[in-house]
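Okay, so here's the structure we're looking at.
The values are calculated or read from the model by the stated rules, or taken from the named source; none is laboratory data. Fair warning: this is a prediction, and the values are worked out from it, not measured in the lab. Cβ placement follows ideal geometry from the backbone for every residue including glycine, while neighbour counts extend to all protein chains displayed. Keep in mind that these areas ignore ligands, DNA and RNA; they rest on the heavy atoms of the full protein, side chains included. Shrake-Rupley method; radii C 1.70, N 1.55, O 1.52, S 1.80 Å.
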Amino acid sequence: IYLGLLVFGCLVIGVPIAFCFGLGTLAYIAFATSRPVFVIIGRMDEGMSSLILLSVPVFVFLGCILDATGMGRAIVNFLASLLGHVKAGMRYVLLGALFLVSGISGSKVSDMATVAPALFPEMKRRGNKPSEMIALLATGAAMADTVPPSIVLIVLGSAAGVSIGELFTSGFAIAMILLIVLAVLARWKARDESMEGVRRAPVQLMLSTFAVATPALILPFVIRAMVGGGYATATEVSTVAVVYALVIGITIYGGIPLSRLGAMLVDTAAMTGAILLILGTASAMAWALTQSGFAGSLAVMVSDLPGGWLAFMAASILIFLVLGCVLEGLPALVLMAPIMFPLARNLGIHDIHYAMVIVVAMNIGLMAPPIGIGFYIACKIGNVPPDQAMRAIWPYIGALLIGLILIACIPYLSLAFL
């Protein structure tokens, strides 16, 4: 309770999340245990030292290349020429672009920043309300977070000791389920959309945009096939993806201005440093929670729940929905995965099935107002006041929750392609 209240108090006054974890753990060990405080250093080092995490900076850099070369815009233009003439077509394009662009960048912020400026003007012209567009953008980004190469899945695999290849394979299928759920709702919401003056794109335009987008479209499927097929680890395939994106970006998409390269490297280093610092302090806090007896108490409480593994799944969904709101995603996974995965295994729940459930729950929490930080990022990218978008997002959150319940109750959806 002391540790939890201290961390929560730091969060309330605006202390960055990594320092909340670090200060809470330091105070707990110094004042509530007899262990030397230097143990924190070892735990932080252990949390940041997994070989799998070498892929994180490379995939972050890949997202910068995607933004700089315009590969994401090429995908958006192709989907718009293909689906733009049908009712709800631009909503389908938005969801499809997030799905495919996420497979290249692995970053929700990069995904939304690439897709929104290209599609929002045309969506407004067709009568879509800005609040609806933000709601679809935010929930679409949450849907796409399991598409490989997802940094969230890489970090979770490192924290929980789960196969990255299997996570990538399952994540692709899970994202498809959520994509379908959101697309059905988007079609229903667009029943009154104005199609006046909208014409089917000429075949020549479709073919030309497809030719330009093909190299970018191939990349997410190559990444998934190489990791899922066992031809390369996540770390190795991240390097292959960067080299591929650089070559294609220079030869087809106009290259990267030298003046921008330095800023890209700085952004990559800053983002990687932030992620690793969060991982290190969250790992130290997870260890402190285990030492405090919290994990044992949680295990007893969960084992006493009526309903077996389904009740455990329901409790896990609730926990990660709340933590996704408060802890901004990754820290929630790193903090709770070492505690929750052993409990899930004891109840006979497959690691990959459980991973998909908690990642989706965490992403829904991340985009849920009034606390979820992802929702406010989407509002900033779309330049829409949060109070306008807040009411519009709830039907889409509800659609994602329906998809989450299906994923949690039907393990086959997560394990079919393993």
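Can you give the net charge of the other residues whose Cβ lies under 10 Å from the Cβ of G84, counting K and R as +1 and D and E as -1? Can you show the working numbers first?
Working: positive: R126, R199, R200; negative: E122.
Residues close to G84 contribute a combined charge of +2.
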ask   = Around Y396, what is the net charge, scoring Lys/Arg as +1 and Asp/Glu as -1 over all other residues with Cβ under 14 Å from its Cβ?
value = +4
query = Considering only DSSP states other than H, G, I, E and B, which chymotrypsin sites (Phe, Trp or Tyr not before Pro) in the range 1-79 qualify as loop sites with at most 13 other Cβ atoms within 10 Å?
reply = F38
message = Please report the spacing between the Cα centers of the range 357-418 and the range 19-86 in Å, no decimals.
response = 19
query = How many nm is it between the label spots at M176 and L258, if each spot is 7 Å from the Cα in line with the beta carbon?
reply = 4.6
ask   = How high is the relative contact order of the chain, in percent, with contacts defined as C-alpha pairs under 8 Å that are six or more residues apart?
value = 25
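Scanning the chain for trypsin sites (Lys or Arg not before Pro) in DSSP loops with at most 10 other Cβ atoms within 10 Å, what's the longest stretch left with none?
200-418
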remark   = If every Lys and Arg gets +1 and every Asp and Glu gets -1 at its Cβ, then about the Cα centre the chain yields a dipole, in debye to the nearest 20, of 960
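Given a cut-off of under 8 Å on Cα pairs at least six residues apart, what relative contact order in percent is computed for the range 47-172?
It rounds to 28 percent for the range 47-172.
With a/c under 1.5 counting as rounded, go ahead and sort the chain into rounded, prolate or oblate using the C-alpha gyration tensor (a ≥ b ≥ c being the square roots of the eigenvalues; past the cut-off, prolate if a/b is larger than b/c, else oblate).
Prolate is the answer for the chain, as a/c is 1.5 or above and a/b outweighs b/c.
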task = Using a cut-off of under 19 Å, list every residue of the range 344-374 whose amide N is near the label point 7 Å from the Cα of K129 along the Cα-to-beta-carbon line.
result = 368-370
Ranked packing of 44-50, 350-356, 246-252, most packed first, by mean Cβ within 10 Å = 350-356, 44-50, 246-252
task = Any chance you could give the angle, 0 to 90 degrees and rounded to 10, that helix 386-409 forms with the longest Cα principal axis of the chain?
result = 70
key: Phi-based couplings in Hz for the range 124-138 (Karplus 6.51, -1.76, 1.60; Gly and Pro marked x)   = 5, 4, 8, x, 6, 6, x, 5, 5, 5, 5, 4, 5, 5, 5
key: In the range 171-240, GluC sites (Glu not before Pro) in a DSSP loop with at most 12 other beta-carbon atoms within 10 Å   = E196
query = Using a 1.4 Å probe, what is the accessible area per residue for the chain, in Å²?
reply = 41
task = Using a 1.4 angstrom probe on heavy atoms only, work out the carbon and sulfur share of the accessible area of the chain in %.
result = 69
task = For a quick protection proxy, order the peptides 382-388, 96-102 by their average other-Cβ count within 10 Å, most packed first.
result = 96-102, 382-388
ask   = What are the chymotrypsin sites (Phe, Trp or Tyr not before Pro) within the range 356-418 that DSSP puts in a loop, where the Cβ has at most 13 other Cβ atoms within 10 Å?
value = F417
Label-point separation, L406 to A269 (7 Å along Cα→Cβ), nm = 4.6
ask   = Label A314 and I373 with points 7 Å out from Cα along Cα→Cβ: what is the distance between them in nm?
value = 3.1
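Listed highest first by mean packing, meaning other Cβ atoms within 10 Å per residue, what order do 79-86, 131-138 come in? Numbers along the way, then the final one.
Values: 79-86: 19.8, 131-138: 26.4.
Ranking the peptides 79-86, 131-138 by packing returns 131-138, 79-86.
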